[in-house]
Structures are given as C-alpha cells and as structure tokens.
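The values are calculated or read from the model by the stated rules, or taken from the named source; none is laboratory data. For clarity, every value in this text was computed on a predicted model and none was experimentally measured.
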Amino acid sequence: MKKIVLLALLLIPVAGMTEEQGITNLTAHDIFDNRTSLGLTPRMQHRLLSNMRMQMAATQAIIGQLADGRFDRAAKTARTKLGMSEDLKQIYDASGNEDLKKLGLDANASAEELANTLQTKDLKRSLQALRDTTSYCVQCHKRFRQ
C-alpha cells in the first residue's frame with residue numbers, strides 16, 4: 001500500500017508538466033508510449049530491427065568516412081546502405097501503414113540526395129544532408145513502435 005501511495009505522489013507533478021519540461025529528464029513519451037504500433041509479426045519485427053541496425057551502422061560509417069575525407073566511399077555507403085532495399089519495401093507493405101511507407105520512401109529519396117551531396121566533397125553541405133536524412137529516422141521512431 002505504501003508503494004502505491006508513493007508512486008501516486010511521484011506521478012502527481014506529471015499532470016501539469018509539458019513534455020518539454022520532463023521529469024528528471026524523462027518526457028511523457030518515456031512514461032506513456034503513444035506511438036502507433038506497426039502490428040508486425042515477430043519475424044517482420046526482427047527483419048525491421050535488423051534493417052534499422054544496419055542503417056545505424058551505415059550512418060556511423062558515413063561519419064567516419066567524412067572524418068577521413070573519403071567522400072566517394074561515403075556516397076557509396078549512403079546509396080547502398082541507407083537507400084530503400086527490397087526487404088524494407090516488403091516490411092512497409094506488410095505493415096499496411098501508408099504513413100510509414102511514405103516516410104520510408106521519403107527517407108530513401110533523402111539518402112539518394114545525401115549520396116549526391118557527398119559526391120560534391122563539400123563537408124558542410126554533406127553534414128547538412130546527413131542531418132536531413134537522419135531526421136527521417138527520428139520522425140519514424142517518434143511516430144511508430146513495433
């Protein structure tokens with residue numbers, strides 16, 4: 001009973017707070033997950049997570065390649081690892097979620113634009129393009145959960 005009362009007392013300040021204010025660096029999103037479930041099967045969930053991990057590793061590789069001045073290699077990584085794969089198309093189709101599919105297609109277009117920008121060897125523009133591409137990751141993770 002004491003634990004329930006303590007928990008209730010801890011949650012009272014949440015009611016009047018905005019998400020930006022947070023609770024000891026937590027946002028309401030961390031406590032109440034209001035993202036849209038994709039309703040994927042366990043196999044599709046695994047495939048999606050594998051793809052996302054690969055894309056995160058590709059993003060890390062691109063940052064390293066930029067640090068080394070290897071713009072052509074970074075462009076190839078962006079084009080081959082961040083673009084739309086057949087596997088991702090199947091996952092988006094399986095979700096039946098048109099918003100997810102649109103975000104995926106937009107992210108693919110952004111990855112292609114990133115690759116083209118990287119080929120200019122302009123570091124500032126390349127970093128801006130990388131930021132734009134990764135913003136699709138942020139948007140997707142903010143809106144959807146498995």
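Out of (1) of a type in the set (Ser, Thr, Tyr); (2) modelled with pLDDT of 90 or more; (3) over 15 Å from residue 55 (Cα atoms), what's the single condition that is false for residue 92?
Tallying (1) of a type in the set (Ser, Thr, Tyr); (2) modelled with pLDDT of 90 or more; (3) over 15 Å from residue 55 (Cα atoms), residue 92 fails exactly one: (2).
Given the residues 130, 82, which is the only one that is within 17 Å of the chain's Cα centre (by Cα) and modelled with pLDDT under 95?
82
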